[in-house]
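The values are calculated or read from the model by the stated rules, or taken from the named source; none is laboratory data. Every value quoted in this text rests on a predicted model; they were computed, and no experiment measured them. Note that each Cβ is placed from the backbone with ideal geometry, even for glycine, and that neighbours are counted across all protein chains shown.
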Amino acid sequence: MAKKEKVVDLKPTKITEDQLKQIQEVVAPINNIQMELGRLATRRHTMCHEVSELQKMLTEIQTVLEKEYGKVNINISTGEIEYDVEADS
């Protein structure tokens with residue numbers, strides 16, 4: 001009985017060092033950009049919450065001012081009150 005010869009697979013098992021380096025040079029910046037986008041998304045989310053809280057505070061201040069001065073426009077640079085002439089009539 002003859003022994004069966006083992007078939008040797010001649011397919012490459014790895015890419016070349018240059019190919020690997022080329023892929024790594026592209027993948028690394030992609031990963032960095034994706035991480036930065038994640039950080040920016042988190043920061044944006046936090047800032048949106050901050051704006052929401054500030055808007056609530058502004059609404060509370062406006063309510064207090066409206067009770068004291070009525071429905072008026074206030075110049076936020078000078079503090080001057082502008083009364084609505086039509087509303088007073």
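Some observations on this one:
- Residue within the stretch 27-40 that is of a type in the set (A, V, I, L, M) and not in a helix (DSSP H, G or I) present: no
- Pairs are defined by a Cβ separation below 7 Å, a sequence spacing of at least 6 or placement on different chains, a first member in the stretch 55-83 that is charged (D, E, K, R), and a second member that is surrounded by 10 or more Cβ atoms within 10 Å (Cβ to Cβ); the pairs so defined are Lys71/Asp84; Glu82/Val72; Glu82/Asn73.
- Some residue of the stretch 32-41 being modelled with pLDDT of 95 or more, surrounded by 10 or more Cβ atoms within 10 Å (Cβ to Cβ) and more than 17 Å from the chain's Cα centre (by Cα): no
- Of all residues in the stretch 64-89, those being hydroxyl-bearing (Ser, Thr, Tyr) and loosely packed, with under 10 Cβ neighbours inside 10 Å number 3.
- Any hit, the stretch 45-57, residues being of a type in the set (Asp, Glu) and assigned to a helix (DSSP H, G or I): yes
- Conditions (1) part of a helix (DSSP H, G or I); (2) surrounded by 10 or more Cβ atoms within 10 Å (Cβ to Cβ); (3) β-branched (Val, Ile, Thr); number of the one not met by Ile15: (1)
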